[in-house]
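The values are calculated or read from the model by the stated rules, or taken from the named source; none is laboratory data. In this text the structure is predicted, and so the values were computed from the model without any measurement. Cβ atoms come from the backbone with ideal geometry, glycine included; neighbour counts cover every protein chain shown. SASA here: full protein model, heavy atoms, side chains in, ligands and nucleic acids out. Shrake-Rupley method; radii C 1.70, N 1.55, O 1.52, S 1.80 Å.
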Amino acid sequence: MKKSAYLLMALLLAALLAACGGSEDEPSESATERESEAVAKVEESAAEAESEPITSEDLSEPEPTAEPTEVPPTPTPEPTNTPEPTPTPEPFLSEPVFYSNGNYTRDVTLFGGKLWTAGSGGLTAYDLATGEGRKYTHFDGLPNTSTYNFTTCPINGEERLIIGYHEGVLLYDAANDAWETGDVIGVDVDDRIFQIHCDAATGRLFLDYDDLMIVDLNSGSRVQLTDDDGALASFTFDNFFEVNGNVWASSYQGVSIIAPDNSTTVLGEDQGTWPSDDITDAATGPDGTLWIAASEGIYYQTGDGLAPESFSLFDRDNAAGINYWGPEYIDFSADGQLWAAFSSELCQFDTTTGVCNQVFDITDDMGLDPDARIRGFEIAEDGSFLVRTTFYGAARYDGTAWTAYTLADQTPHNYFDDFYQTSDGKIWAMGWALVYTDVNAETWTRPEGIYADRMMEAEDGTLWFSTSSRLVKFDGQRMIEYTADDNGLLDESFNAMTIAANGDIYLGSWNGYSILGADGETVTVVSEEEGWDLGTIRALHTVGDIVYAGTGDGLAQLDGATFTSLVDDSYIVYGFNSTATLDALENGSESLGLPPGTLLMGTSEGLLYYHDGTLTAEESVTGSVNDIFVDQDSGEIYITARRNNDNDAGFYSYSPDSGWSFMSDDEFPAESMLAVFKDEEGTVWVSSGDSTWGGGIVRMP
């Protein structure tokens, strides 16, 4: 995250919008909607785009790969200990401002005369009449900004809004406009609750937790159901809804029907009780007929019971209202009409003919973005229609007109894992997508057609973007791509990038590294075949004339095709050999007793200093270091760290005047600490969150 000195960026945006390197977008709506404990992370998929052809004038044939030289002997530094720093009573950063996208929604409901949405960027409450919204985040009392699902339930005679979120259950305290944890109702769960439902008639609260937890709100007793013994169709659920006094829990492996006494019935193809596993919703008509939404169409009851032979099917072959797949959500309105939600329209489905007698379009009628897709629909108790999308907010139909509920001036997404500032002052953020903003974060722009995991600016103003599989050069006028197939780069994902003092571009990969020469033509590859045996390169950093690599086996020095192991698992103080991030004190630190050029090594066990064979552990930093930023002028150090021990995840900062200070991750919007950065105006930017669950950016002037 270094800044170069010179760049004219007048043509940048136009060129970025042109066809260029591969692009990657945020996770698909289907992936976002099917979040579960079985999903650890949404892997970004690169969409291959056409690029400007690379002619012989652009690149010549790469030179043959240089042969590796003999690896010099590894030094054997003696670990030393730093003196105990003077603690700072209060963090010196204050007045945080939080940025996220509240239009990324996972659920919608009505409560207290307002429309509420939950999502990866916080909770939002909208005025029904005006559409004006207020977003609640960590700085409004939410322990974690990532929220999933709503239910309303009578508790001690009072109707309460209950939220399933990233760390358990929350209740809205309407009298104080505040939030209470689930402990107030005896729910002490501290893990993700993707689905939550209240069966008011029986006083039961259903939680998608450890398969299925059912809490009796009257007695406090709990029942745990699992799929191990066949009591449930699946260990995770997509939706809860009520049918004829029973609670149905749908999944893509069938539906679990839970009776008031907590006995269960499973409908599914594997159990031989239903012709399809993909049951998503159900509704009972005014005549008592049961209707079921499934991937192949809409089933409707023609006989007794729930046996497959008791149902007939409307599908694309016999119903004009079903174009291909069946609707994901259905409900009956007060006048007895069946409404079915398809991806971009709401259909009043004729239960006799199978045609759509009336259609509401997601854009023309509901007023939502043309790219929006319906991912939730229900008819509320007041008779209004509630529709939600994944990325573009929600809409409500009051029987006369539709109102769209969205927030303006939001960040383009909710996952940011790197920052960079170019010499024109723009601040770039990488994550779900590449975006840039100004130093005040007043506007956010997402250049189309390019994605970057990392970026750097060369001394001549050239911008370099690396993705998982390619290197992209922007010279102010055109984009040029470099890949394994076309240019001989190492055929592996690129994890790190740096520019050497001579202008060479180094790309670190899983099993070696690639070098694109400063001439833009010469390519050198060092892989296992060339003798690389130091594991995955997780970080690259240039200090003066030296290129350092933080690897799965410690620290190495790279010099073209020659590499030297400087620190391996025999010498790392904490006994852990993986270096995740690197930075340097180019001017040294008198207050820390460190000479110029000292390298900062972030490991999963803490922070290390390295200089000329000497390795020192920083005792004040004990978390698993994720990112480091050094202010070379002031000597200040900023570190984000994830959990290593019980309470060491958070934000570490060092000032030569006051020493080290620490802010727990509990003080940030989401539990996973990601990138840290300080801009030229002196504002510190910290991101937290997860690529699946969401989060945001905190700016601390």
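Go through the stretch 611-626 and report how many residues are open to solvent by 10 Å² or more (accessible area, probe 1.4 Å) and without any contact (Cβ under 8 Å) to a residue 60 or more places away in the chain.
Number satisfying all stated conditions: 5.
Within the stretch 355-396, restricting attention to residues that are among the hydroxyl-bearing types (S, T, Y) and either within 17 Å of D335 (Cβ to Cβ) or touching a residue at least 40 places away in the same chain (Cβ under 8 Å) (or both), which residue is surrounded by the most Cβ atoms within 10 Å (Cβ to Cβ)?
Step by step, filter the stretch 355-396, then rank; the result is T389.
Since D631 meets every condition but one in (1) among the charged types (D, E, K, R); (2) touching a Lys or Arg at 6+ places or on another chain (Cβ under 9 Å); (3) modelled with pLDDT under 95, which condition does it not meet?
The number of the failed condition is (3).
Go over the candidates D210, D188 one by one and state the one that is acidic (D, E), closer than 24 Å to D690 by Cβ, touching a Phe, Trp or Tyr at 6+ places or on another chain (Cβ under 9 Å) and not in a strand (DSSP E or B).
D210
List every residue pair whose Cβ atoms sit under 8 Å apart, with the two residues 6 or more apart in sequence or on different chains, where the first one lies in the stretch 238-249 and is on the phi > 0 side of the Ramachandran plot and the second, anywhere, is of a type in the set (S, T, N, Q) and assigned to a strand (DSSP E or B).
Short answer, once both residue conditions are applied: N244/T284.
Considering G399, G425, which residue is on the phi > 0 side of the Ramachandran plot and free of Cβ contacts under 8 Å to residues at least 40 places away in the same chain?
Of the residues listed, the single one that is on the phi > 0 side of the Ramachandran plot and free of Cβ contacts under 8 Å to residues at least 40 places away in the same chain is G399.
Quick check, is S514 outside any helix (DSSP H, G or I) and surrounded by fewer than 20 Cβ atoms within 10 Å (Cβ to Cβ)?
no
Go through the stretch 107-155 and tell me which strands (runs of 3 or more DSSP E), entirely inside it, have 1 or more residues that are acidic (D, E) and surrounded by 23 or more Cβ atoms within 10 Å (Cβ to Cβ).
Correct list: 107-111.
Just wondering, is there one or more residues in the stretch 585-605 that are surrounded by fewer than 21 Cβ atoms within 10 Å (Cβ to Cβ), charged (D, E, K, R) and not in a strand (DSSP E or B)?
Yes, some residue in the stretch 585-605 is surrounded by fewer than 21 Cβ atoms within 10 Å (Cβ to Cβ), charged (D, E, K, R) and not in a strand (DSSP E or B).
Tell me, yes or no, whether the stretch 406-425 has at least one residue that is farther than 23 Å from P701 by Cα and touching a strand residue (DSSP E or B) at 6+ places or on another chain (Cβ under 7 Å).
Yes, because at least one residue in the stretch 406-425 is farther than 23 Å from P701 by Cα and touching a strand residue (DSSP E or B) at 6+ places or on another chain (Cβ under 7 Å).
Considering each of N244, N262, N239 in turn, give the residue that is at pLDDT 95 or above and either among the polar types (S, T, N, Q) or in contact with a His (Cβ under 6 Å, 6 or more places away or on another chain) (or both).
N262 is the lone residue from the list that is at pLDDT 95 or above and either among the polar types (S, T, N, Q) or in contact with a His (Cβ under 6 Å, 6 or more places away or on another chain) (or both).
From A307, A341, A294, A283, which residue is of a type in the set (A, V, I, L, M, F, W, C) and surrounded by fewer than 17 Cβ atoms within 10 Å (Cβ to Cβ)?
A307
Out of curiosity, is P275 over 20 Å from L212 (Cβ atoms), open to solvent by 10 Å² or more (accessible area, probe 1.4 Å), more than 36 Å from the chain's Cα centre (by Cα) and in contact (Cβ under 8 Å) with a residue 12 or more places away in the chain?
no
Is one or more of the residues making up the stretch 206-214 at pLDDT 95 or above and over 30 Å from the mean Cα position of the chain (by Cα)?
Scanning the stretch 206-214 turns up no residue that is at pLDDT 95 or above and over 30 Å from the mean Cα position of the chain (by Cα).
Does T483 qualify as being open to solvent by 10 Å² or more (accessible area, probe 1.4 Å), free of Cβ contacts under 8 Å to residues at least 40 places away in the same chain, β-branched (V, I, T) and within 25 Å of G689 (Cβ to Cβ)?
So T483 does not fit the description; no.
Results for (1) touching a Gly at 6+ places or on another chain (Cβ under 7 Å); (2) open to solvent by less than 50 Å² (accessible area, probe 1.4 Å), shown as yes or no for each residue.
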{"residue": "Y165", "(1), (2)": "no, yes"}
{"residue": "A178", "(1), (2)": "yes, yes"}
{"residue": "G182", "(1), (2)": "yes, yes"}
{"residue": "R204", "(1), (2)": "no, yes"}
{"residue": "S221", "(1), (2)": "no, no"}
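Given the criteria at pLDDT below 95, acidic (D, E), under 26 Å from Y451 (Cβ atoms) and not in a strand (DSSP E or B), does D533 qualify?
no
Between a residue in the stretch 305-325 that is farther than 12 Å from W274 by Cβ and without any contact (Cβ under 8 Å) to a residue 12 or more places away in the chain and any residue that is surrounded by 15 or more Cβ atoms within 10 Å (Cβ to Cβ) and of a type in the set (G, A, S), which pairs come within a Cβ distance under 9 Å, given they are 6 or more apart or on different chains?
Note: pairs meeting the criteria are D317/G297.
Collect the residues in the stretch 552-573 that are in a strand (DSSP E or B) and either over 18 Å from A496 (Cα atoms) or in contact (Cβ under 8 Å) with a residue 40 or more places away in the chain (or both), keeping them in residue-number order.
Scanning the stretch 552-573 gives L555, L558, T562, F563, T564, S565, L566, V567.
Where the second residue is hydrophobic (A, V, I, L, M, F, W, C) and not in a strand (DSSP E or B) and the first is without any contact (Cβ under 8 Å) to a residue 24 or more places away in the chain and farther than 19 Å from F241 by Cβ and lies in the stretch 205-219, which pairs have Cβ atoms under 9 Å and are six or more apart or on separate chains?
Listed by first residue and then by second, the contacts come to D210/V189; D210/F235.
Kindly indicate the residue of the stretch 233-267 that is out of contact with any strand residue (DSSP E or B) (no Cβ under 7 Å at 6 or more places or on another chain), assigned to a loop (DSSP other than H, G, I, E, B) and of a type in the set (S, T, N, Q) and also most open to solvent (accessible area, probe 1.4 Å) among those meeting that condition.
Q253
Just a yes or no: is a residue in the stretch 425-438 open to solvent by 10 Å² or more (accessible area, probe 1.4 Å), of a type in the set (S, T, Y) and either assigned to a strand (DSSP E or B) or farther than 26 Å from S509 by Cβ (or both)?
Yes - at least one qualifying residue is present in the stretch 425-438.
Only one of (1) part of a strand (DSSP E or B); (2) open to solvent by less than 20 Å² (accessible area, probe 1.4 Å); (3) farther than 29 Å from T598 by Cβ fails for L489. Which number is that?
(1)
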